[in-house]
Amino acid sequence: MKYLVLIVGIAFMLASCGKSGSLVVKSPDKNVELSFKLVDDKPVYSVQFKGKDVVLPSAMGFELKDKNPLLGNFEIAGSRTSTFDETWEQVWGEKQFIRNHYTELAVYLQEKDGEQRQMNIVFRVFDGGVGFRYEIPEQENLSDFVIMDEVTEFTMAGDHNAWWIEPYQHDRYEYLYTKTPISEMDTVHTPLTMKTNNGLYITLHEAALVDFASYTVASLGNNRLKTDLVPWSDGTKVKTGAPMKSPWRTIHVADKPGDLITNYMVLNLNEPMKYDDISYIKPNKYMGIWWALHIGKHTFWEGPIHGATTENSKYYIDFASKHGIPLLLIEGWNPGWTEEWYLDAMHEFDFTRSVDGFDLTEVVNYGKERGVKLIGYHETGSNLINYLNQIDEGMALYRDHGINDIKIGQVGSKMNMKEWHHGQFGVNYYAYVLNKAHEHQLAVNFHEPIKPTGLRRTYPNLMTAEGARGMEYNAWSEGNPPNHETIIPFTRLLAGPMDFTPGIFDVMIKYREGRRVHTTVAKQLSLYVIIHSPTQMLADLPEHYDGHPAFKFLLDVPVDWYDTKVLNAEIGEYITMVRRDRNSEEWFLGSLTNEEPREFTVSLSFLDEGRKYRAEIYADGDDADWDINPTPVKITQMDVDNNTQLDIKLAAGGGQAIRFYPL
Ligand code: NOJ
Ligand code: CA
């Protein structure tokens, strides 16, 4: 695919000087306003949206190890304002053509005396928010340095409600969200989404996280939030040197929650694609010898019910082949799996040999004859010393077998039992592995990943990632309550695609007494529209799909989109989205709710004017209820056009999925 730039416009203008000597720039639509000034020689910025305060004047800068901080004693040596406007094409994604339109303010700061060190701050003001980064240019009095703290603050205009998960936990990002006022938060992960009392939705996150620690958000009291960089085990935060560019700190703002979802600022703040050959990168659906391992039908490790056998692989391949599902993931195929595989330890997996009972070449060839390719699987157990020793041979093995997709897991609370997954060490590890995968023509699905920050634009073999509580938790824990899927679209999913692994039809999990999925079956279908992932799992067992009338939707729904719209939403309550297939004129609707049943009417005005469509509707059955009656799905058809007002009825904990195809 050719990387296509449709319109590019760059213009330079003078920064306007606002009240009290601030530099002020506005978004192209003038709704977002960014102000910058020095207060007592210290850099301070603030953000407004439609005249409402988003960020009150807030501090910026760094504390350094054994060096004077880069916090104050500055003067503005210069500034430059410009505008930029281009539309670029995604290799794959939730929208094919993305407009990157912003006003930029670059401020060149220099210390007034002493070492006269330089630090630039670049702001990009979009219609949906602001991104800014620090740039430390090459200079005489600052070469290598170690960041001990980043003091970027986000002073909120009130004690907003926020949805958050805590960092520095055993299970990384895999937690349920808590909703409280920010005064009751301690330190939390980004994306951090807040709702204000005056009707705004604000998200803090970051873009282009490269060779830096990720930031978490610390609440300092009095509505002051601050970047809290994830430390190395030695207590330092970032080991770096001039020239340096920090990741972009992003502040998204909207007056409708759905606008947070269709805001492409994080992607726009990343560099254009750096690869030449992307012919091996293909969005697709997959099945897996996976759910059976989590619910206890099979084991990861060898034994009487081992999952990754040649025979069982053929059973899955036959089913996938019959239904045109092009990919199969097989976990537990290699030496190293034990019943204790998930405990913190330096597990020693072998990435070049198969266990007895699994013949990789035979399985690959069996699949090839039937149009099903394998997805490779590397579980590192976070013993990266062991993994990186074998990564080349391990990836080459797949490449030699014609495999182009790989899932890579990092189970463990710390990498090498020492470093956080989300510190600079982890960030650089994931970048290294991604690059290695590209060398071996492998597209990656990271589990236990670093949070996405839009790097998929630059490196599109970064297909999808876990990094939240996915389906697996329903198999072996108290599970995810029905409201979970009404929160993640506005938190984790704002960061990028997620391998949530939806599609469980046997919601009562007959292999695991006392465990279940907190959903209706119709809601499982809706997840394929709500959760964007260019590789999307059909997670349940073949025998649970076989002959099920709702399975057709999973076969029909695409994974790569031309466009995405949010029809209605309230965080933690419900959401309805539509997406148009990238490879056809079909539209798909997904709607889901928390524990509350709901009815609403949506306009189908997104459909082409003057065209008739058939709607295939997969709704909760009349008496469906996630708790007491989760399985009935009512499948109906009706003809619609773009004037149709469609009534949607969702059961408690339910959902609805619709395919619209032109007649
Ligand atoms: C955790 C991953 O999220 C899951 O998908 C995988 O099956 C297990 N680790 C085993 O590696
Ligand atoms: Ca996981």
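The values are calculated or read from the model by the stated rules, or taken from the named source; none is laboratory data. Predicted model, so just to flag it, every value in this text is computed and none were measured. Cβ atoms come from the backbone with ideal geometry, glycine included; neighbour counts cover every protein chain shown. Calculation scope for accessible area: heavy atoms of the full protein, side chains included, ligands and nucleic acids excluded. Shrake-Rupley method; radii C 1.70, N 1.55, O 1.52, S 1.80 Å.
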Worksheet item: Does the stretch 203-220 contain any residue that is of a type outside the set (D, E, K, R), under 17 Å from the mean Cα position of the chain (by Cα), within 16 Å of ligand 2 (Cβ to nearest atom) and within 23 Å of LEU267 (Cβ to Cβ)?
Response: no
Worksheet item: How do the pairs read when you match residues in the stretch 470-488 that are at positive phi with residues anywhere that are in a helix (DSSP H, G or I) and of a type outside the set (D, E, K, R), using Cβ under 7 Å and keeping only pairs 6 or more apart or on different chains?
Response: GLY479/TYR473
Discussion item. Would you confirm, using the coordinates I've provided, whether ASP560 is open to solvent by less than 40 Å² (accessible area, probe 1.4 Å), outside the structural domain of PRO662 (by TED's automatic domain parsing) and touching a residue at least 60 places away in the same chain (Cβ under 8 Å)?
Written reply: no
Worksheet item: If you scan the stretch 331-352, which residues turn out to be away from ligand 2 (no atom under 16 Å from the Cβ) and among the hydroxyl-bearing types (Ser, Thr, Tyr)?
Response: THR338, THR352
Worksheet item: How many residues does the stretch 277-294 hold that are surrounded by fewer than 21 Cβ atoms within 10 Å (Cβ to Cβ) and either farther than 24 Å from HIS401 by Cβ or aliphatic (A, V, I, L, M) (or both)?
Response: 1
Response to the item:
Picking from THR491, THR501, the residue that is within 15 Å of ligand 1 (Cβ to nearest atom), β-branched (Val, Ile, Thr) and open to solvent by less than 10 Å² (accessible area, probe 1.4 Å) would be THR501
Response to the item:
The condition of being modelled with pLDDT of 95 or more and open to solvent by less than 30 Å² (accessible area, probe 1.4 Å) holds, among TYR377, TYR315, only for TYR377
Item to complete: Please state which one of LYS274, LYS237, LYS245 is buried (at least 23 other Cβ atoms within 10 Å of the Cβ) and either under 23 Å from PHE425 (Cα atoms) or among the acidic types (Asp, Glu) (or both).
Response: LYS237
Item to complete: State all residues of the stretch 380-409 that are away from ligand 1 (no atom under 16 Å from the Cβ) and open to solvent by less than 10 Å² (accessible area, probe 1.4 Å); if no residue qualifies, say none.
Response: ILE391, MET395, TYR398, ILE403
Discussion item. Being outside the structural domain of ILE98 (by TED's automatic domain parsing), away from ligand 1 (no atom under 14 Å from the Cβ) and touching a Leu at 6+ places or on another chain (Cβ under 6 Å) is true for just one of TYR280, TYR316, TYR286. Which residue is that?
Written reply: TYR316
Worksheet item: From the set of residues in the stretch 196-222 that are part of a loop (DSSP other than H, G, I, E, B) and in contact with a His (Cβ under 8 Å, 6 or more places away or on another chain), which is nearest to PHE425 (Cα to Cα)?
Response: ALA213
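Give me the strands (runs of 3 or more DSSP E) completely within the stretch 578-655, filtered to those with at least 1 residues that are in contact with a strand residue (DSSP E or B) (Cβ under 9 Å, 6 or more places away or on another chain) and either closer than 21 Å to PRO549 by Cα or not assigned by TED's automatic domain parsing to the domain that holds TRP561 (or both), ordered by residue number.
Passing ranges, in order: 587-593, 613-620, 633-640, 645-650.
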Discussion item. Which condition from (1) open to solvent by 10 Å² or more (accessible area, probe 1.4 Å); (2) over 29 Å from the mean Cα position of the chain (by Cα) is the one that TYR613 breaks?
Written reply: (1)
